[in-house]
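Here's the structure we're looking at; comments come further down.
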There are 2 protein chains.
Amino acid sequence: MSKQPELPADVALMWGLRDVTKRGPKPSLSVEDIVRAAIELADAEGITAVSMARVAERLGNSTMALYRHVKSKDDLLVLMSDAALERPDPLPDGVDWRTGLTFWTAGVLTAVRKHRWYSKLPISGPPAGPNNLAWLDSALGALKDTGLSEEGKVGVVMGLMTYVQGEIRLSMDLAAGFADNPDAFSRYGATLARVVDPRQLPALAEVLAAGVFDEVESFDETDEADFDFGLQLYLDGVAGFIERTCQPDVT
Amino acid sequence: MSKQPELPADVALMWGLRDVTKRGPKPSLSVEDIVRAAIELADAEGITAVSMARVAERLGNSTMALYRHVKSKDDLLVLMSDAALERPDPLPDGVDWRTGLTFWTAGVLTAVRKHRWYSKLPISGPPAGPNNLAWLDSALGALKDTGLSEEGKVGVVMGLMTYVQGEIRLSMDLAAGFADNPDAFSRYGATLARVVDPRQLPALAEVLAAGVFDEVESFDETDEADFDFGLQLYLDGVAGFIERTCQPDVT
DNA sequence: CTAATTAGCGTAACTCATACGCAGTAAGGG
DNA sequence: CCCTTACTGCGTATGAGTTACGCTAATTAG
């Protein structure tokens with residue numbers, strides 16, 4: 001009665017729906033502990049440092065003990081991907097959709113920036129955990145007064161998530177690469193210049209000639225600008241869509 | 001004279017700039033062979049099947065032989081990421097920028113769809129290989145008649161790449177998950193319905209009530225529609241940007 | 001008290017990436 | 001024609017990773 005047919009195992013775990021058992025020793029470990037330890041480890045040393053052995057060590061348990069609580073390492077990664085994004089701040093009251101979505105996007109970005117390994121996780125399904133769904137709900141809520149159909153809202157939000165996801169991955173990867181060897185990046189323009197043949201890649205050659213890639217310095221800042229630039233373009237498109245859909249011209 | 005200071009090693013490899021040596025045995029293996037074998041393997045069995053041992057086996061060589069041609073496995077992955085995307089078809093002559101970018105995007109999508117592991121590669125830098133740069137050049141070329149500054153073009157193209165990249169990753173991951181267990185996906189709406197509390201996630205609950213997630217069947221097709229929807233929104237934004245920038249109002 | 005149930009863990013099998021050094025091979029110099 | 005030189009391929013070994021399996025001990029239901 002409390003549990004109808006079959007929820008996928010990971011989903012149930014994320015929502016804390018375990019069947020409570022009475023017999024046997026009290027567990028000294030909980031899934032939450034494990035996930036928390038794994039996240040701390042990833043924060044400190046990167047996602048590649050997250051091995052079952054290291055997580056167990058951090059908890060003072062043996063490696064195999066973890067498998068009593070988690071089906072596999074991939075399972076653990078899925079749990080991490082939901083737990084890492086804390087619930088979003090509620091949208092300010094009475095703001096228009098555009099302000100709302102901008103606020104939402106900024107929130108995603110700061111949330112993800114706390115866990116730089118996030119973009120390296122192998123995602124394998126649509127959002128299903130409580131935190132991820134809260135973010136989804138928040139974005140949908142920002143569109144509540146637009147008059148869009150539910151389907152339209154979902155389309156807009158999925159496009160936004162796609163863009164944000166892409167930007168996160170791109171910028172995090174670049175930032176990581178930049179941290180690894182700053183030289184290769186500051187010379188990016190120079191490297192390209194030596195390799196690009198203006199006959200074959202004329203448009204790119206012109207960009208290089210204009211020196212656009214010469215001033216690459218850090219990444220955490222330039223990102224911000226690029227990110228916002230693309231975001232505003234997308235939101236402009238959304239604005240057009242809303243107008244077209246909800247206020248048909250009275251021609 | 002033929003080789004000035006220091007090109008990053010991977011970049012040189014991608015462009016086939018090896019210093020030719022005369023002495024010693026003729027190599028029985030080339031970087032190209034290795035990369036091709038690795039790509040075939042990834043196409044057939046997924047990126048996780050790509051290990052140095054498996055690639056070498058496929059070539060009839062020993063594992064360690066590969067390291068004569070490739071610095072590390074990561075190096076090999078970088079080479080794969082450039083080699084996997086064959087050069088783009090040239091843009092049709094005389095098309096406007098919007099048609100051009102749509103064409104370009106479709107090209108990226110079909111190119112990537114041939115290698116479904118592509119989105120799982122750990123990218124660690126801006127594009128530098130011949131194929132990747134050809135794609136970049138092609139997109140920039142589509143904007144040649146817009147009157148945008150070089151910097152503006154780069155911004156627009158980077159935003160587009162970000163969106164496409166995000167979409168690719170999302171859709172490929174979903175498709176993979178769908179292939180793994182179709183059940184969980186066809187029940188996605190039902191699963192959410194059981195877990196979403198309308199008090200806490202009201203906007204999401206409404207979407208569910210409208211049945212938006214009920215008709216999830218395949219993914220390769222619905223993707224197309226979602227993808228195009230978001231893309232057109234972004235291009236709408238670009239159109240506004242071009243107008244604003246290049247044809248200032250005569251108020 | 002007994003039986004059922006479950007947590008933690010030790011062992012071991014397997015797959016990986018890769019450092020290191022040796023052996024053999026082909027070209028250049030005499 | 002032979003030796004030097006530089007380079008290729010490969011065998012071995014190390015250390016790290018995931019995880020199947022089965023044992024032991026703890027805990028509670030009856």
Exercise. In the Gaussian network model of chain B, springs joining C-alpha atoms below 10 Å, which of B:VAL196, B:VAL70, B:VAL55 carries the largest mean-square fluctuation?
Worked result: B:VAL196
Problem set entry | Filtered trypsin sites (Lys or Arg not before Pro), region A:142-197: DSSP coil and at most 16 other beta carbons within 10 Å | A:LYS144
Problem set entry | Approximate spin-label separation B:THR110-A:ALA12, in nm, with each point projected 7 Å along Cα-to-Cβ | 4.6 nm
Problem set entry | Charge-dipole axis of region B:75-138 as Lys and Arg at +1 and Asp and Glu at -1 on Cβ define it, positive-most pick from B:MET80, B:GLY100, B:PRO90 | B:MET80
Exercise. Which one of A:GLY237, A:GLY141, A:GLY107 has the biggest mean-square fluctuation once chain A is modelled by GNM with Cα springs under 10 Å?
Worked result: A:GLY237
Problem set entry | Listed residue (B:GLY147, B:MET52, B:ALA128) projecting farthest to the positive dipole end of chain B, Cβ model | B:MET52
Problem set entry | Unit Cα scatterers, Debye sum, region B:106-148: log10 I(q)/I(0) for q = 0.31 Å⁻¹ | -1.14
For this session: Using a 10 angstrom cutoff on alpha carbons, build the Gaussian network for chain A and name the most mobile of A:ALA56, A:ALA139, A:ALA190.
Result: A:ALA190
Seminar exercise, completed: Result row for chain A, helices from DSSP H with C-alpha axial extent 27 Å or more and mean Kyte hydropathy at least -1.0, is A:150-180, A:220-246
Exercise. Can you give the average number of partner chain beta-carbon atoms within 10 Å of each beta-carbon in peptide B:30-40, as a whole number?
Worked result: 0
Exercise. Hey, if we sort A:ASP93, B:ASP214 by accessible area with the 1.4 Å probe, largest down, what's the order?
Worked result: A:ASP93, B:ASP214
For this session: Per residue of A:225-232, count partner chain C-beta atoms within 10 Å of its C-beta, then hand back the mean as an integer.
Result: 4
Exercise. Pulled fully out, how much extra length does the chain show between B:SER51 and B:ARG68, if you take 0.36 nm times their separation in residues and subtract their Cα-Cα distance?
Worked result: 4.5 nm
Exercise. Copy-to-copy spacing for A:LYS22, label 7 Å out on the Cα-to-C-beta vector, in nm, shortest first?
Worked result: 8.9
For this session: Calculate for chain A the 222 nm mean residue ellipticity that helices alone would give, adding -39,500 (n - 2.57) per DSSP H run of length 4 or more and normalising by residue count, nearest 500 deg cm²/dmol.
Result: -19000 deg cm²/dmol
For this session: Report, in cubic angstrom per residue, the convex hull volume of the C-alpha atoms of region A:9-83.
Result: 83 Å³
Seminar exercise, completed: The size of the Cβ-based charge dipole (Lys, Arg +1; Asp, Glu -1) of the protein assembly as shown about the Cα centre, to the nearest 20 debye, is 2300 debye
For this session: Quote the convex hull volume per residue of chain A, based on C-alpha atoms, as a whole number of Å³.
Result: 204 Å³
For this session: Averaged over every viewing direction, what's the projected area of the C-alpha convex hull for the protein assembly as shown? Give it in nm², one decimal, please.
Result: 29.3 nm²
Problem set entry | Rounded to the nearest 10 Å², the accessible area of A:TYR67 at probe 1.4 Å | 90 Å²
Exercise. When chain A is turned about an axis onto chain B, which of its residues keeps its C-beta closest to that axis, and how many Å is it?
Worked result: A:GLY166, 1
Seminar exercise, completed: Distance in nm between B:CYS246 and A:SER30 label points, each 7 Å along Cα→Cβ, equals 5.9 nm
Problem set entry | Kirkwood Rh and Cα Rg combined as Rg over Rh, evaluated for region A:48-119 | 1.17
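The values are calculated or read from the model by the stated rules, or taken from the named source; none is laboratory data. Remember, it's a predicted structure, so these values are computed and weren't measured experimentally. Virtual Cβ from ideal backbone geometry, glycine too; neighbours counted across all protein chains shown. Ligands, DNA and RNA are stripped out before the accessible areas are found, and what is left, the full protein with its side chains, is counted by its heavy atoms. Shrake-Rupley method; radii C 1.70, N 1.55, O 1.52, S 1.80 Å.
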